[in-house]
Amino acid sequence: MIPFVQTTSSLFANNLFTRIEDHAFNESLTVQKLTRLVAMSRTDLHRKLINSVGMSATECIRYIRLNKASVILLEKPGLSIFEVAIEVGFNSQSYFTKRFRELFGTSPSDWRKVKMEHS
């Protein structure tokens with residue numbers, strides 16, 4: 001059996017995603033703040049992210065927030081869509097809904113409804 005070997009870029013991505021997750025749900029997290037957290041220039045951060053995960057820093061932050069939202073929608077059915085958006089760092093329900101639909105192909109409320117019906 002061949003042991004799993006992580007590449008430098010996957011180790012970087014895992015470390016970065018952990019750092020983003022630690023701060024992503026604060027709506028004030030920006031790419032500029034992220035560059036300070038990881039002690040990298042914006043250019044270096046962007047290049048490394050594109051090479052390792054195919055996303056920009058903004059896209060990574062949004063991806064993590066939306067994935068967390070998909071979990072919260074199911075774990076906390078009493079929260080409104082606006083409350084879920086706020087909890088994961090979005091300050092606009094319409095923007096949150098637009099981006100959620102782009103990633104998951106459905107609105108947050110339909111996501112919750114369908115997933116709850118099938119559980």
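Annotations
- Residue identified as at pLDDT below 85, among the hydrophobic types (A, V, I, L, M, F, W, C) and touching a Gly at 6+ places or on another chain (Cβ under 7 Å) among ALA24, ALA13: ALA24
- Scanning the range 37-65 for residues that are of a type in the set (Lys, Arg) and crowded, with 18+ Cβ neighbours inside 10 Å, we see that the one that is modelled with the lowest pLDDT is LYS48.
- Filtered residues of the range 76-119 (kept if among the hydroxyl-bearing types (Ser, Thr, Tyr), in a loop (DSSP other than H, G, I, E, B) and free of Cβ contacts under 8 Å to residues at least 40 places away in the same chain): SER80, SER92, THR106, SER107
- Residue match in the range 90-98 (condition: under 13 Å from the mean Cα position of the chain (by Cα), at pLDDT 85 or above and basic (Lys, Arg)): no
- Test: residue in the range 108-115 that is at pLDDT 90 or above, crowded, with 18+ Cβ neighbours inside 10 Å, hydrophobic (A, V, I, L, M, F, W, C) and closer than 21 Å to LEU11 by Cα: no
- Exclusive hit being assigned to a helix (DSSP H, G or I), over 17 Å from the mean Cα position of the chain (by Cα) and not basic (Lys, Arg), set LEU73, LEU49, LEU11: LEU11
- Taken over the range 67-89, the criterion of being of a type outside the set (Val, Ile, Thr), touching a Leu at 6+ places or on another chain (Cβ under 9 Å), at pLDDT 95 or above and surrounded by 17 or more Cβ atoms within 10 Å (Cβ to Cβ) is satisfied by SER70, LEU73.
The values are calculated or read from the model by the stated rules, or taken from the named source; none is laboratory data. Since this is a predicted model, take the numbers as computed values, not measurements. Because the Cβ atoms are built from the backbone with ideal geometry, glycine has one as well, and the counts that use them run over all protein chains shown.
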